[in-house]
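The values are calculated or read from the model by the stated rules, or taken from the named source; none is laboratory data. Computed from a predicted structure; not experimentally measured. Please note: Cβ atoms are built from the backbone with ideal geometry, for glycine as well, and neighbour counts cover all protein chains shown.
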Amino acid sequence: MAITLKNLTVDFDNRFQCKKINWTINAGEHWLITGSNGSGKSALAAILAGYGDIEAGVITNAPEKVGLVSFEAQAELIAAERRKDDADIMDVIAEGTPVHEIIDAVATDRHTADKLIEKLGLTPLLNRAFRKLSTGETRKVMLIRALSCNPGLLILDEPFEGLDVDSLSALQAHLTEVAGNTQVLMILNRLDQCPDYITHVAYMHNGELQQTVDRTDNDAYDALMQLLHLKTTELSIPPADPDFTLPPLNAEQPLVKLTNAAVRYDEAVIFENLNWTINAGNHWQLTGPNGSGKTALLSLITGDHPQCYVNDIDVFGFKRGSGESIWQIKQFIGYVSTALQWEYTVGTSLRNVIISGFYDSIGLYSKYTDNQRNIADQWLQVLGMADRSSDTFTSQSYGDQRLLLIARAMVKHPPLLILDEPCLGLDDMNRQRVLALIEIICARSTTTVLYVNHHAEDKIAGIDNYLAL
Amino acid sequence: MAENYFNSLSLREQLEQLGKCRFMHLNEFDDGVNALKGKKMVVIGCGAQGLNQGLNLRDSGLDVSYALRQAAIDEKRQSWKNASENGFTVGTYEDLIPTADVVLNLTPDKQHTAVVNAVMPLMKKGACLSYSHGFNIVEEGMKVRDDLTVIMVAPKCPGTEVRAEYVRGFGVPTLIAVHDDNDPNGEGLALAKAYAVGTGGHKAGVLMSSFIAEVKSDLMGEQTILCGMLQTGSLLCFDKMIEEGIDPGYASKLIQYGWETTTEALKYGGVTNMMDRLSNPAKIKAFELAEEMKDIMRPLYNKHQDDIMTGKFSQTMMADWANDDKELLGWRADTAETAFEKTPAGDVEISEQEYFDNGILMVAMVKAGVELAFETMTSAGIIADSAYYESLHETPLIANTIARKKLFEMNSTISDTAEYGCYLYNHACVPLLGDFMKGIKSDVIGAGLQLNDMTVDNARLIEVNEAIRNHPVEEIGGTLRGYMSDMKRIV
């Protein structure tokens, strides 16, 4: 029978909430729950073990018997032992409950219990008091209890953490065996440890179950791995190329100044009388409905719109139409849009795509330096694509392409980064990945960001100026 | 009509002009657009070349405006819309030409005489007149005022491509030339180079040529391998497949996209690479078919080259111009009525490799056409670099237009001059290959060899490979493509 969580909101002592969880765990499925720290992975698992106060929604077919291993449960058991100790009023030195009693209290499957006691090397410790065990040893006790209680569902929250090598492989072998007839739900930080029997992956973010991925769906699985990489690794932006210096900008002047700007086709006016000044350091979000001219406005700035020559535009110290070339303008700008992605149909490597950002070209037509190559490789590291540096750009998934183009736009640390609906056309997972990368950029560089979208939910921390068309 | 300029030269001068072609090095363009900086460039003709070159030149920091006839402005014709919507200054000939330092004549060949006659009296002393094709000067013998500099800058791609590559940060291969009779101030080369830089051409490679070499090789290439061979091949291969019982939708698709797919391999690694995409037995088969076709078609290629050299071709075509394009329009209508053109591509999946495996005859036709055109041009005194660009290099570009909308798209994209020559070739080549086609079965077009045993004779394979690789078009192609990749085009 499938375990189903429907619109479930569960509160944990007012500290944390799991919100509006909709989840079905079918018989025969083994799940891995992932997410960054504090995302609610453990809380989600704890709900199935009966923890938390249900505020809304229902669980149906909750398993009757759950074998639970988690740091919280471990702490709870240790605290309980300690209370027993405190409760002792007699003036004798309490030894506390011996390990074998702790195990026997729940072990209904004697065979499994004995086997694991031996395999995990607990035999010499059976008579020792539980509370005198080391953290790793109590962990083993927890594991034996969970595995030998004939559970309908095994919830293993970081089960491999803190185990020595021999115990780890014994446990892994045992779990592989058990997975044949017991449903497993596992939480792992290190995804390289994800066992083969896991069939589904859930991704938690801010207490919400944001993604569920069938592991046979390779594209979705890979995308999720990338997202986790961005969310869970301490990333910093690779440096600029020290040999690649832009002409100095006058700090007194705005980066961009549009005076009474207009774009017209035939008789149709897309916008007119638009005045806009972008000063260095002020991040902007540009919003507006479809057709309001957001992209046209941006391309006046980038020089991609031919009517930039009939408007009063000052960019990076150039008055447009005064004999400057567009390459003199583009060198100051990093740019990402769906249109760029459509145009970027060059069958070149991922590394070259990022290097092309130094030259503002689609494809790479210039000899690059070793330094630029190194920087590009560092970006690939940030994106979690280092092992794919020589793969072809056009063979990458849509979401991966978008991330690469953002890295391409940022590689030269441009004074102005223009992100024209960077999440457009992306599924939820890839949207999360793109936003995660942009947040990293906003937080850790000196680039001024100009961000266009019409999804209110795609707000980016650090952007506080708004222009609505 | 003025005298044919080429025919007015001595044999010595003719050979000297035909033999002009040199691949220029990137460092020859170090001066950038400076020679044109601050000068007024006025474009005549706002079609695909006119508009897109203008956009590139302006984005390179140059001063570009468009001169249109009063009627085009008053009626707000497409050319007026193209120019004004893109934010260019638009004016009449009378307004703009007298102010121009450089006049860019980017109208179709057919209009050149009228345009140049209208513009010349308005041009200021010492200005420059630029062409993108030498037909008017070479074939029509246009005499330009002595004080004017006459240059040619000819991007070797359709106008949309000229723009798209520039936007990517690259360019398209470009041919430049200075008309020796009109270089009074000795500044023609500097202006042509700056113009090539302004359109981005210097990044993709510039050939320094002559008006004559450009015209005589361009006409030859477009009539034979580029457009003629692809049209003839499309019609013959389609009819053969139908005769052999291949599904019409499949046949139509195999041809429409097959030229593009197979010549893509040509673009990257010449005839050798295209042939290498075939299995060994198929390669030997294609080689043999190509050899046979080359023998059959050689007299036709020679005739085209001879008619181009003597001026007979241009004379014939100009007579049709004078007759309101009667022949051209009739032939164009006939093409629209062919079975290939009228059968839509079927909704079938054809993998990239299948285009080779089931299109052996098409590969053989491309090989035969490229090699013959190259051999014919070089034996007529055109040097190998020019011959390479006008044969092998441009084939994938034209094949690409067929992929878009079959022969209709090809013939509407190419110039009327190319189209006229293409029909001439086709009318002669279809019957010429008649007997040859009788022996063709679906194993080489449509169905593939379908061999269980891929065994080939070692000695024969070595012989065939050597013949393919040692052809002179492969030798010069290797060198020129090498220059291109030196420029780090990473495709």
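Miscellaneous remarks
- In segment A:324-377, the qualifying residues are those that are under 28 Å from the mean Cα position of the chain (by Cα) and of a type in the set (Lys, Arg), and the one that is nearest to A:Asp400 (Cα to Cα) is A:Arg351.
- Only one entry in B:Glu187, B:Glu214, B:Glu222 is within 20 Å of B:Leu148 (Cβ to Cβ) and modelled with pLDDT under 95, namely B:Glu214.
- Segments classed as strands (runs of 3 or more DSSP E), wholly inside segment A:1-75, with at least 2 members that are over 25 Å from A:Ala113 (Cβ atoms): A:3-12, A:16-25, A:31-35, A:53-60
- Some residue of segment B:224-231 being of a type in the set (Gly, Ala, Ser) and away from chain A (no Cβ under 14 Å): yes
- Residue match in segment B:134-154 (condition: within 14 Å of chain A (Cβ to nearest Cβ) and either more than 24 Å from B:Ala399 (Cβ to Cβ) or in contact with a Phe, Trp or Tyr (Cβ under 9 Å, 6 or more places away or on another chain) (or both)): no
- Entry remark, segment B:317-333: residues being in a helix (DSSP H, G or I) and free of Cβ contacts under 8 Å to residues at least 60 places away in the same chain number 6 in total.
- Each residue in segment A:122-151 was checked for being small (Gly, Ala, Ser) and surrounded by 15 or more Cβ atoms within 10 Å (Cβ to Cβ), and 3 pass.
- Test: residue in segment B:42-62 that is within 12 Å of chain A (Cβ to nearest Cβ) and in contact with a Leu (Cβ under 6 Å, 6 or more places away or on another chain): yes
- Only one entry in B:Glu165, B:Glu214 is of a type in the set (Asp, Glu), out of contact with any Lys or Arg (no Cβ under 6 Å at 6 or more places or on another chain) and under 29 Å from B:Asn7 (Cα atoms), namely B:Glu214.
- All strands (runs of 3 or more DSSP E) inside segment A:278-388 with 2 or more residues being surrounded by fewer than 18 Cβ atoms within 10 Å (Cβ to Cβ) and out of contact with any helix residue (DSSP H, G or I) (no Cβ under 9 Å at 6 or more places or on another chain): A:312-315
- In this structure, A:Arg145 does not satisfy being under 23 Å from A:Thr97 (Cα atoms), assigned to a helix (DSSP H, G or I) and modelled with pLDDT under 85.
- Qualifying residue in segment A:25-39 (condition: closer than 13 Å to A:Val58 by Cβ and in the same structural domain as A:Asn181 (by TED's automatic domain parsing)): no
- Meets criteria (within 14 Å of chain A (Cβ to nearest Cβ), buried (at least 17 other Cβ atoms within 10 Å of the Cβ) and over 29 Å from the mean Cα position of the chain (by Cα)) for B:Val90: yes
- Residue match in segment B:193-204 (condition: more than 15 Å from B:Val144 (Cβ to Cβ) and touching a His at 6+ places or on another chain (Cβ under 9 Å)): yes
- Subset of segment A:389-415 (residues that are closer than 19 Å to A:Pro239 by Cβ, in a helix (DSSP H, G or I) and small (Gly, Ala, Ser)): A:Ala407, A:Ala409
- For segment A:237-262, filtering for residues that are in contact (Cβ under 8 Å) with a residue 60 or more places away in the chain and within 36 Å of the chain's Cα centre (by Cα) leaves 13.
- First in segment B:455-467 and under 12 Å from B:Pro281 (Cα atoms), second anywhere and among the basic types (Lys, Arg), Cβ under 7 Å, 6 or more apart: B:Val464/B:Lys283
- Check on B:Phe23, surrounded by fewer than 22 Cβ atoms within 10 Å (Cβ to Cβ), under 30 Å from A:Phe318 (Cα atoms) and either within 14 Å of chain A (Cβ to nearest Cβ) or among the hydrophobic types (A, V, I, L, M, F, W, C) (or both): no
- Of the helices (runs of 4 or more DSSP H) lying entirely inside segment B:101-220, those carrying at least 3 residues that are in contact (Cβ under 8 Å) with a residue 40 or more places away in the chain are B:135-138, B:159-167, B:188-198, B:201-204.
- Meets criteria (of a type in the set (Gly, Ala, Ser) and either away from chain A (no Cβ under 14 Å) or surrounded by fewer than 18 Cβ atoms within 10 Å (Cβ to Cβ) (or both)) for B:Ala83: no
- Checking each residue in segment A:390-404 for being of a type outside the set (D, E, K, R), touching a strand residue (DSSP E or B) at 6+ places or on another chain (Cβ under 9 Å) and buried (at least 17 other Cβ atoms within 10 Å of the Cβ) picks out only A:Phe393.
- Residue list for segment A:360-391, restricted to those being under 18 Å from A:Leu419 (Cα atoms) and either within 11 Å of chain B (Cβ to nearest Cβ) or in contact with an Asp or Glu (Cβ under 6 Å, 6 or more places away or on another chain) (or both): A:Asp360, A:Ser361, A:Ile362
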